[in-house]
Structure formats: C-alpha cells, structure tokens
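The values are calculated or read from the model by the stated rules, or taken from the named source; none is laboratory data. Remember, predicted model here, so these are calculated numbers, not experimental data. Neighbour counts are summed over all protein chains in view; Cβ atoms, including those assigned to glycine, are modelled from backbone coordinates with ideal geometry.
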C-alpha cells in the first residue's frame with residue numbers, strides 16, 4: 001500500500017511540519033512473539049510452557065538488560081530463577097532470539113518513500129544479544145533507515161523521556177516536528193509527553209492510515 005506523492009507531504013503549520021519520522025522495530029517493522037522463546041525454553045528445560053508463560057514478565061531486570069546495566073549471562077540466571085528452569089547459556093540465547101518472525105510486508109516501501117523528503121530513524125528497546133541477531137536477519141530493511149538507536153547503546157529506553165530526546169537531539173529537531181510510530185501504548189504515551197506527534201500502530205493498515213492523517217501521504 002504505497003503512500004501518495006511526496007508533493008502532498010507538507011502540512012499547513014510549518015511549526016509542526018514533520019521533519020523527522022521515528023519507527024519502533026518489533027511490532028512495526030517486523031513481527032515478534034515471546035511465546036517462541038518460552039516454547040524453546042520449555043522444550044530444553046522440561047518445564048511446562050504454561051508455567052513459563054505465567055511467570056515470565058518484562059520486569060526490572062528486563063529493563064536493566066535493555067539499558068546495558070546487566071549482561072546476558074546475568075539476565076539468563078535471573079530469568080531461570082524466576083521461571084524455575086535450568087538452561088545453558090546457549091539454549092537460553094537460542095530461545096531468546098527465536099522471538100523474531102518476519103518483516104512486515106510493505107513497510108520497507110513506506111520507509112523508502114518517507115526518506116525522499118525527511119530523515120527516518122529507528123528507536124528500539126532491545127539488548128546486545130537481540131541486536132546482533134536482528135542486524136543480520138533484518139539487515140536489508142535496517143539499511144533503509146538513516147540512523148538506528150538501540151536502548152542498550154544509548155542506555156535509555158522507551159517510554160523514558162531521555163530515549164526520545166536522544167533521537168531528537170541527534171537530528172536537531174524539535175519534539176513537535178517529529179512523528180513517532182510504535183505498537184505499545186505506553187511508548188506512545190511517553191512520546192506524547194515529550195511533545196512528539198504519534199501513530200499507534202496496530203497493523204500495516206493503521207500505520208499507513210496514521211501517516212496519512214499526519215499529512216504524510
């Protein structure tokens with residue numbers, strides 16, 4: 001579903017003209033599911049999948065891992081304790097990286113089209129292990145973005161204000177002149193609190209509709 005001609009992109013209020021578009025990755029650029037990790041861990045540890053799913057959460061240790069305050073080995077030990085399972089580091093990592101599915105069809109064309117008139121960046125909550133994996137699996141689509149900001153590298157994660165401000169500062173763009181796309185409501189709310197325009201992405205169709213509503217297609 002291509003966007004319309006770039007000549008339609010400009011909005012009436014120059015102060016809110018979109019000079020930067022920022023994409024999330026998981027759930028926006030590619031699909032992912034933590035159930036894949038839990039299924040792998042269940043098989044390798046002999047633990048019931050339903051038990052793992054009930055116990056797993058994106059807790060404080062998860063956030064610390066995504067801001068590079070704890071490494072993968074320490075995080076693995078934490079998860080194994082919480083989930084009541086025993087796994088080697090390799091088996092943990094294999095499951096950890098199994099969450100990634102496929103690129104969302106059509107999203108690469110949208111990014112390339114937006115890039116004709118303004119920079120397009122990524123702001124993703126992730127960790128070193130996932131980052132190294134997605135740099136290979138999704139190399140082609142990642143190459144379409146002007147810059148990619150990973151939480152473990154900038155040591156700030158959404159929805160914290162510092163994460164959005166890092167991206168804005170890198171491009172010298174005011175918050176109201178940037179548009180942020182994400183699939184999680186808490187990240188959308190965090191971006192709005194900073195002053196960014198937002199599109200809450202539920203699927204590819206809502207992404208395209210949201211861009212059009214913002215005057216970008």
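Of note:
- When the residues of segment 183-207 are filtered to those that are touching a helix residue (DSSP H, G or I) at 6+ places or on another chain (Cβ under 7 Å) and in a loop (DSSP other than H, G, I, E, B), the one that is farthest from residue 110 (Cα to Cα) is 195.
- Inter-residue pairs, beta-carbon under 6 Å, first on the phi < 0 side of the Ramachandran plot and in segment 81-94, second assigned to a loop (DSSP other than H, G, I, E, B) and surrounded by 18 or more Cβ atoms within 10 Å (Cβ to Cβ), 6+ apart: 85/47
- Flag for residue 211 being assigned to a strand (DSSP E or B), under 15 Å from residue 23 (Cα atoms) and touching a strand residue (DSSP E or B) at 6+ places or on another chain (Cβ under 9 Å): no
- Filter pass, residue 196 being in contact (Cβ under 8 Å) with a residue 24 or more places away in the chain and under 19 Å from residue 148 (Cβ atoms): yes
- Scope segment 108-139; condition over 29 Å from residue 41 (Cβ atoms) and touching a helix residue (DSSP H, G or I) at 6+ places or on another chain (Cβ under 9 Å); matching residues: 108, 110, 111, 113, 114, 116, 117, 119, 120, 121
- Candidates 25, 52, 20, 89, filtered to the one that is within 16 Å of residue 127 (Cα to Cα) and buried (at least 17 other Cβ atoms within 10 Å of the Cβ): 25
- Top-ranked residue in segment 144-157 [being part of a loop (DSSP other than H, G, I, E, B) and free of Cβ contacts under 8 Å to residues at least 60 places away in the same chain; ranked as surrounded by the fewest Cβ atoms within 10 Å (Cβ to Cβ)]: 146
- Only one of 126, 67, 47 that is outside the structural domain of residue 175 (by TED's automatic domain parsing), under 30 Å from residue 171 (Cβ atoms) and surrounded by 16 or more Cβ atoms within 10 Å (Cβ to Cβ): 67
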